[in-house]
Amino acid sequence: MNKYKVLGIAVVTVVTAIVASSCKNKRSPGWEYAPNMYEKIAFDPDQANPNFKDGKTAQLPPAGTTPVGFTRFDYPKTMDGYNQASIEVKSILAPTAKNMEEGKALFMTFCSPCHGKTGEGDGIVTTHGFPPPPSYSKGQSSRGGAMKDLTDGKIYHTITYGLNAMGSYASQLNPEERWKVVLYVHHLQTL
C-alpha cells in the first residue's frame with residue numbers, strides 16, 4: 001500500500017471522528033473522567049445528615065474524650081485549682097541543658113517583656129506605665145508566699161490560665177513549651 005494512501009486514510013478518520021463528536025448536544029459536558037472530583041460524596045459540616053439521630057453532620061465528640069495531640073490539664077481556673085496544682089503537678093521534663101536553653105529562648109520571647117530578662121519584674125512594659133510583676137527571686141506572690149518558692153504546678157497553672165494582669169499563654173505555648181519555661185523560671189528563682 002502506498003504511504004500517501006495510508007496517510008490520507010488516517011487524516012480522513014481523524015477528521016470524521018472530530019466532526020462526529022462535535023455534532024453532539026452542545027449542553028453536554030462530555031464524559032467525566034473522575035466524577036467524584038465534581039460531585040462529592042461527603043456531607044458538608046452544616047448540611048443535614050440522615051445518618052445521625054439528630055440529623056446534623058457536625059457531631060460533638062463523646063464526653064470525656066481527648067483530641068489527638070491534646071494534653072489535658074484538669075485543674076480549674078480557681079484558687080482551689082491553683083493550690084491543688086501546686087501539690088499534685090510536677091514537671092514532666094528533665095532539667096537538661098537543651099530543655100533549659102529552649103526554656104530560656106521561650107522565656108525571652110514571651111515572658112521577658114513583662115518579667116525582664118532576669119525575672120526581676122523590670123521588663124520593657126513597665127516603662128510604659130504598667131505595674132511591674134514581682135521578682136522571681138525576691139518578690140511576694142499575690143496569692144501568698146515568696147516567688148522563689150513557687151512550685152512547678154503553680155507556675156504551670158499561671159502560664160496556662162494567667163493571673164492578675166498576666167493573661168493566659170495557653171494559646172502561645174504548647175504544654176511541653178510551658179514546662180520548658182517552668183524549668184527556666186526555677187533557674188531564675190535561684191539568682
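The values are calculated or read from the model by the stated rules, or taken from the named source; none is laboratory data. Worth saying up front: this structure is predicted, and the values here are computed from it rather than measured. For neighbour counting, all protein chains shown are included, and Cβ atoms are generated from backbone atoms with ideal geometry for every residue, glycine included.
Here are a few things to note about the model shown:
- Residues (touching a residue at least 24 places away in the same chain (Cβ under 8 Å), in a loop (DSSP other than H, G, I, E, B), among the hydrophobic types (A, V, I, L, M, F, W, C) and touching a helix residue (DSSP H, G or I) at 6+ places or on another chain (Cβ under 8 Å)) located in segment 166-191: 173
- The helices (runs of 4 or more DSSP H) found wholly in segment 51-120 and carrying at least 2 residues that are closer than 15 Å to residue 157 by Cβ occupy 79-88.
- Qualifying position, being on the phi > 0 side of the Ramachandran plot and not aliphatic (A, V, I, L, M), among 81, 103, 116: 116
- Scanning segment 90-118 for residues that are of a type in the set (D, E, K, R) and within 20 Å of the chain's Cα centre (by Cα) yields a single hit, 102.
- Some residue of segment 109-128 being touching a Ser or Thr at 6+ places or on another chain (Cβ under 9 Å), buried (at least 18 other Cβ atoms within 10 Å of the Cβ), touching a residue at least 24 places away in the same chain (Cβ under 8 Å) and β-branched (Val, Ile, Thr): no
- You will find that of 105, 85, 94, the residue that is within 18 Å of residue 144 (Cα to Cα) and of a type in the set (A, V, I, L, M) is 85 and no other.
- Residues in segment 96-111 that are more than 18 Å from residue 174 (Cα to Cα) and not hydrophobic (A, V, I, L, M, F, W, C): 96 only.
- Residues in segment 140-165 that are among the β-branched types (Val, Ile, Thr) and assigned to a helix (DSSP H, G or I) were compared, and the one that is nearest to residue 107 (Cα to Cα) is 159.
- Subset of segment 61-84 that is under 18 Å from residue 174 (Cβ atoms) and touching a helix residue (DSSP H, G or I) at 6+ places or on another chain (Cβ under 7 Å) - its residue that is surrounded by the most Cβ atoms within 10 Å (Cβ to Cβ): 75
- Figure legend. Inter-residue proximity from segment 54-70: first residues under 20 Å from residue 42 (Cβ atoms), second residues of a type outside the set (Val, Ile, Thr), beta-carbon distance below 6 Å, spacing 6+ or different chains. Indicated pairs: 55/48; 57/43; 57/45; 57/47; 57/49; 58/45.
- Selected residue [among the basic types (Lys, Arg), touching an Asp or Glu at 6+ places or on another chain (Cβ under 7 Å) and farther than 14 Å from residue 191 by Cβ] from 98, 90: 90
- Residue match in segment 20-38 (condition: at pLDDT below 80, farther than 30 Å from residue 159 by Cα and in contact with an Asp or Glu (Cβ under 7 Å, 6 or more places away or on another chain)): yes
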